[in-house]
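Colleague: Submitted below is the structure of interest, expressed as structure tokens.
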């Protein structure tokens, strides 16, 4: 018997590739605690308080200190005087990391 | 001389009339009815009746004859006829009858030309009374039929309009609510009635009563039982939402305005309204002039919160979006826009995200595959904005896996920041199976497709092997997929083994093809989700039973109501407690629930 797929309508959901360990393992992260933005405490896959659409409209930003935030949240933080251009998690100077495009 | 004659006549009449038995009235009435058809032939008769003083003495009976005749006419021509207006016709008939009858009975005494005024005055008085009589009789008749009239609305609009014309003549329509409520209880608020039908009836009822009684007094009396009943029906929300978004169904009438629902709950006091009316005298104590609501707002206001609707909408939309293939989304987008006008922007944000996911997916797929058609079309969804999907550990075998991997790699190139997680159990596959002697074209679920893909590797499998190959999914799922293929006549069952039929066998399985099971998993998911949510409340229950030792179910329910987001009915709570009892967590004694002592 030969099976030919004429049309397959499949469903998938997207996740940010945060590069966290275990991210590649399909089953491990089902139950793992959801990653949330350290500033707004909303899941990375959700959107920051000022956005309405998740995903490309509300992207993430990676710091060299390995911390990840919603970009909008972090920019807002950096714009305040008290931030002193530091990462809100570890108070190191914020340097946006180059994202490696390939895994 | 003339005086003596007058005295004689008076005496004669007094004596003679006194002899008549009481039953004479009835006899006369019936007799007079028979003359109605051939009035002109009885001119002499009426002359005699006048001479005998009967016309004068029994004038009431003479009028009653008209009432009888009209009642007969109404009963002959109106019951069950709702699709055309009747009132005008009857009024016309009444007018004609009245003219004929009065001129025949009394008219001869006064030549019409001379005493025109007297005749007109007499007519006017009688006309008014007759009209009132017609209205009352017709309203009584229609009241007894009101239930069926409402059921057939809007075809019965003429009957309703007749009623509206009649009603203002009659002081409180006190009997309408009573008879309606009884009928509604008997016919509609029954377990056997379809929720959809109840809603249809309620909608028709609102529309009918709005015509008859614009201030809504009757509706205010009739609606509460229906609303209460609908609230207790678990599938009512689903039905309402389904119809709200169904394009063939219109809850909106011409010229109706969409009213944002938030406003509905505010007190309605429009002091600038020039059409303001005081509360009707027959209104109940708790009657409130309500803001004019459209049907949807009325239906939504059955429930205390809109959350139920939003959640249901989300589910419905999810189901629909994942079912449409490549058809345009315009309808759904328009629907959501419409609903935004009602519920406000914020609650429907999830739906907007869902729609955006759909259009983004379309763009992604076109980008990845170009314009030429590719077997795999993937909808990429934003997980947090869709209804919770219970993970199924399905692993697609063979060429499906290749398609998935190919897509995933391309997607990663397109959106380097994102990775994909498949929800393999959702979606649909159209397949072509080339067997030795035939080609089978079929629409299948991914699980069914996975199963048949494995059969293309090997002809014989048993259930355990299939389960294992598909990533360890539930036995029931594999079983039902196999049943599907047995039904299609592609696979047969021999003992514990399943064998591929390269050559078709006498199709005995086809007739017993199992019913499609597509819907089932969704329902399952809902139940599971509800159970999940109930777990949170279990902690509350545990807490209160620890502190207060034992509680009847009503108290538990009352206290749980303080918990945020708790919206279960007592019945659902009872089911939950019962299952907790089976697990040995609680015991039920003397009508109260207690924690099982460890």
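Coordinate-derived values only; no laboratory data. Nothing here was measured: the structure is a model prediction, and the numbers come from that model. Glycine gets a Cβ as well: all are built from the backbone with ideal geometry, and neighbour counts include every protein chain shown.
Colleague: Please compute, for the alpha-carbon atoms of the stretch B:359-418, the extent along each of the three principal axes and give them in descending order in Å.
Modeller: 33, 29, 21
Colleague: Right, another one. Once you have the Cα-Cα distance between residue B:193 and residue B:408, take 0.36 nm times their residue separation minus that, and quote the gain in nm to one decimal. Show your work: numbers first, answer last.
Modeller: Working: separation 215, 0.36 × 215 = 77.40 nm, distance 4.93 nm.
Answer, rounded to one decimal: 72.5 nm.
Colleague: Stokes-Einstein D for the stretch B:1-145 at 10 °C, 1.306 mPa s, Kirkwood Rh over Cα pairs, in µm²/s?
Modeller: It comes out at roughly 93 µm²/s.
Colleague: What spacing in nm lies between the two simple spin-label points modelled at residue B:535 and residue B:465, each 7 Å away from Cα in the Cβ direction?
Modeller: Each label point lies 7 Å from its Cα, and together they span 3.7 nm.
Colleague: Something else now. Taking a ≥ b ≥ c as the square roots of the eigenvalues of the Cα gyration tensor of the stretch B:398-517, is the shape rounded (a/c under 1.5), prolate (a/b larger than b/c) or oblate?
Modeller: prolate
Colleague: Which residues does the label zone of residue B:588 cover in the stretch B:544-578, counting backbone N under 15 Å from a point 7 Å along Cα→Cβ?
Modeller: From the stretch B:544-578, the list is B:551-557, B:570-578.
Colleague: Quick one: order B:184, A:3 by neighbouring beta-carbon count within 10 Å, fewest to most.
Modeller: Arranged by neighbour count, lowest to highest, B:184, A:3 become A:3, B:184.
Colleague: Moving on. Where in the stretch B:75-107 is the amide nitrogen less than 12 Å from a point lying 7 Å along the Cα-to-Cβ axis of residue B:39?
Modeller: B:93-107
Colleague: State, to one decimal in nm, how far the label point of residue B:76 lies from the label point of residue A:7, with both points 7 Å from Cα in the Cβ direction.
Modeller: Result for the modelled spin labels: 6.4 nm.
Colleague: Shielding of A:72-81 by partners, i.e. mean partner chain Cβ atoms within 10 Å per residue?
Modeller: 0
Colleague: Let me ask another. What is the order of B:382, A:83, fewest Cβ neighbours within 10 Å to most?
Modeller: Values: B:382 21, A:83 15.
With the sparsest Cβ surroundings first, the list reads A:83, B:382.
Colleague: Applying 1/(1 + (r/R0)^6) with R0 = 41 Å to the Cβ-Cβ distance of residue B:399 and residue A:89, what FRET efficiency is obtained, to the nearest 0.05?
Modeller: Between residue B:399 and residue A:89 the formula returns 0.35.
Colleague: Using only alpha carbon pairs under 8 Å that are at least six residues apart, calculate the relative contact order of the stretch B:398-517 and give it in whole percent.
Modeller: RCO, the stretch B:398-517: 20 percent.
Colleague: What whole-number distance in Å separates the alpha-carbon centres of the stretch B:170-236 and the stretch B:487-504?
Modeller: 55
Colleague: What order do you get for B:142, B:86, B:568 when you list them from fewest to most C-beta neighbours inside 10 Å? It would help to have the intermediate numbers written out before the result.
Modeller: Working: B:142 23, B:86 20, B:568 17.
The order, fewest Cβ neighbours first, is B:568, B:86, B:142.
Colleague: Given a Förster distance of 56 angstrom, what is the FRET efficiency for residue A:97 paired with residue B:148, based on the Cβ-Cβ distance and rounded to 0.05? Display every interim value, and only then the final one.
Modeller: Numbers: r = 74 Å, r/R0 = 1.32.
Efficiency, from the Cβ-Cβ distance: 0.15.
Colleague: Right, here's the next one. By how many nm would the segment from residue B:19 to residue B:235 lengthen if fully extended, with 0.36 nm per residue of separation less the alpha-carbon distance?
Modeller: 70.5 nm
Colleague: At 7 Å along the Cα-to-beta-carbon direction for both residue B:185 and residue B:458, put a label point, then send me their distance in nm to one decimal.
Modeller: Going by the 7 Å Cα→Cβ label model, 6.7 nm.
Colleague: Starting from the Cα-Cα distance between residue B:323 and residue B:136, subtract it from 0.36 nm times their residue separation and give me the gain in nm to one decimal.
Modeller: Gain on extension, residue B:323 to residue B:136, equals 61.8 nm.
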